[in-house]
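Written below as structure tokens is the structure these notes are about.
Readers should treat all values here as calculations from the given coordinates under stated rules, not as data from a laboratory. This is a predicted model, so every value here is computed, not measured. Cβ sites come from the backbone with ideal geometry, for glycine too, and all protein chains shown count toward neighbours.
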Amino acid sequence: MPNHRQRCAQALPETLSLLKQLATIESPSPDKAAVDACAAFVSEQLSALGADVTIVPQTTAGNQIQATWPGVDQSTQFLTLCHLDTVWPVGTLAGMPLHEENGKLFGPGVYDMKAGTAILLTALQVLREAGLPPKHPVRMLFTGDEEVGSLTSRNLIEAEARHSLLTIVLEPALAGGQIKTFRKGVGEFTVVAHGRAAHAGGDHQKGINAIEELAYHIPALQKLTDYTTGTTINVGLIKGGSASNVVPERAEMEVDFRISQMAEIDRVVTAVQGLRPVLNEARLEISGGLNRPPMEHNATMVKTFEQARQLAASIGLTLEEGSTGGGSDGNFTAGLGIPTLDGMGAVGDGAHAAHEHVILASLAERAALLATILTQWEA
Ligand SMILES: [Zn+2]
């Protein structure tokens, strides 16, 4: 069997050039035109590979790409997930330019996760040049709203995953190179307190202080945290009021929660939905809930990782596993019981941070691993 490592290592300059082009097209999730431009570039690359490409237009988020290589949509397939959006606003590159240093490429979005797209395209190019088709067609989704919860892409991801024998998520690896075999579930609530405005001097007793109302609920929410089960609640953003001499009419908070165990979802959701106003005539408005279920480290995950580890070992790579509190689209596919390998993208560090970077050698290694999995995976 061919060892793809040599060819992927030779292809590294092209992989790197592709990654730089991708990173140069800045694509923050809220900027539809910017994400669309990145999608247009990727669809050209896919067409050049000979993939069957469809752009799925979106109105509220960046356009998505569905592509299949080789051939067209099939009943049995591998599924790969990449998101083209980043957390970095257009213009970030001006103050945080792409640069190489000590075998690393630094820059916004390179690690999370433009490198994943570059790795995937490299793996397919290497297989194409070698005349080695994957065992099953590779169905590829490139989405534009992962960093803001995948609201427009979740249905598409789940529909494709349901008839896939393996989902490979090209999200970054953990800083030590481990892929992610456990992810916490992620949710968010918004709690709005409605009171009544009044002059703080002349009419204090007629007011209902929305900030005071909200404040009663903060300790209650924070106390839902239970480190023994891996449940955390974070009141992370709070705003309210208009001036110090006005009894505030409105206050709101945004609450992030993470859970490790499915059973904890009910406890947290019930407690948050069950918040009741403390002040006379105050009103609470609660919205939100679980966004991504936990990616559990269950028997399917153990078996899926073990096969990936063995395939990595067969080309001389050590593959390890790890966990993270962050969610990805892999939470959706694993939640459906579909074998999922997440964190198969670049090794590096600094996602969403100023030192974001990828280790260049890992681009070739991960492309070789992907090519190996696609040609040798036993479902
Ligand atoms: Zn990501």
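The relative contact order of segment 190-292, computed from alpha carbon pairs under 8 Å that lie at least 6 residues apart in sequence, is 37 percent.
A Förster radius of 35 Å combined with the Cβ-Cβ distance from H352 to I286 puts the calculated FRET efficiency at roughly 0.80. In this structure, N155 and L279 have a Cβ-Cβ separation that, at R0 = 30 Å, corresponds to a calculated FRET efficiency of about 0.15. Between segment 79-117 and segment 227-251, what is the C-alpha centre distance in whole Å? Result: 33 Å between the Cα centres. For N291, the residues whose amide H sits under 5 Å from its own are V186, G187, E188, ignoring neighbours fewer than 5 places away on the same chain, with H placed 1.01 Å from N. Here segment 339-379 is treated as a Stokes sphere of Kirkwood radius computed over C-alpha pairs; at 25 °C and 0.890 mPa s its diffusion coefficient rounds to 211 µm²/s.
Only lysine pairs 8 or more places apart or on separate chains count here, and in the chain those with Cα atoms under 25 Å apart total 15. Name the trypsin sites (Lys or Arg not before Pro) in segment 154-189 that are in a loop by DSSP and that have at most 10 other C-beta atoms within 10 Å, would you? Answer by residue number: there is no such site. Every helix of 4 or more DSSP H residues in the chain counts as -39500 (n - 2.57), and over all residues that averages to -10500 deg cm²/dmol at 222 nm.
Would you work out if segment 76-127 is rounded, prolate or oblate? Take a ≥ b ≥ c from the square roots of the eigenvalues of the alpha-carbon gyration tensor; rounded if a/c is under 1.5, else prolate when a/b is larger than b/c, oblate otherwise. Oblate, since a/c reaches 1.5 and b/c is not below a/b.
Counting other C-beta atoms within 10 Å, which of M301, M262 has the fewest, and how do the rest follow?
Ascending number of Cβ neighbours within 10 Å: M262, M301.
Label zone of N245 (point 7 Å out along Cα→Cβ, amide N under 15 Å): in segment 195-224 this covers 198-204.
Under 5 Å between amide hydrogens, built in the peptide plane, is the criterion, and for G109 it picks out H352 among residues at least 5 positions away or on other chains. Extension gain for N234-L132 works out to 31.8 nm (0.36 nm per residue, less the C-alpha to C-alpha distance). Using 0.36 nm per residue and subtracting the Cα-Cα separation, the extra length available between K206 and R162 on full extension is 10.1 nm. Each label point was placed 7 Å from the Cα along the Cα-to-Cβ direction; for D256 and E14 their separation is 3.9 nm. Amide H contacts for H83 (H built 1.01 Å from N in the peptide plane; partners 5 or more residues away or on another chain; cut-off under 5 Å): T143.
Note that segment 358-374 has calculated 3J(HN,Hα) couplings of 10, 8, 4, 4, 5, 4, 6, 5, 5, 5, 5, 5, 5, 4, 5, 4, 5 Hz, one per residue in order, obtained from phi through the Karplus relation 6.51 cos²θ - 1.76 cosθ + 1.60 (θ = phi - 60°); glycine and proline are x. Extending 7 Å from the Cα toward the beta-carbon at both R267 and N102 defines two label points whose distance is 4.3 nm. Evaluating 6.51 cos²θ - 1.76 cosθ + 1.60 at θ = phi - 60° for every residue in segment 5-17, the Karplus couplings come out as 5, 5, 5, 5, 5, 5, 7, 3, x, 5, 4, 5, 5 Hz, glycine and proline recorded as x. Each of A40 and A94 was given a label point 7 Å from its Cα along the Cα-to-Cβ line. The distance between the two points is 2.2 nm.
Per residue, what volume in Å³ does the convex hull of the Cα atoms of the chain enclose?
145 Å³
Using the Cβ-Cβ distance between I218 and L336 with R0 set to 35 Å, the FRET efficiency from 1/(1 + (r/R0)^6) comes to roughly 0.50.
For the Cα trace of segment 242-379, dividing Rg by the Kirkwood Rh returns an Rg/Rh value of 1.16. Couplings for segment 97-105, taken from phi via the Karplus curve 6.51 cos²θ - 1.76 cosθ + 1.60 with θ = phi - 60°, read x, 4, 7, 9, 7, 6, x, 10, 10 Hz in order; Gly and Pro are left as x.
All Cα-Cα separations within segment 1-78 were binned at 5 Å from zero, giving a P(r) of 3, 13, 17, 18, 20, 16, 8, 3, 1, 0, each value a whole percent of the pairs. Share of Cα-Cα pairs in segment 190-292 beyond 15 Å, in percent? Above the 15 Å cut-off, segment 190-292 has 62 percent of its Cα pairs.
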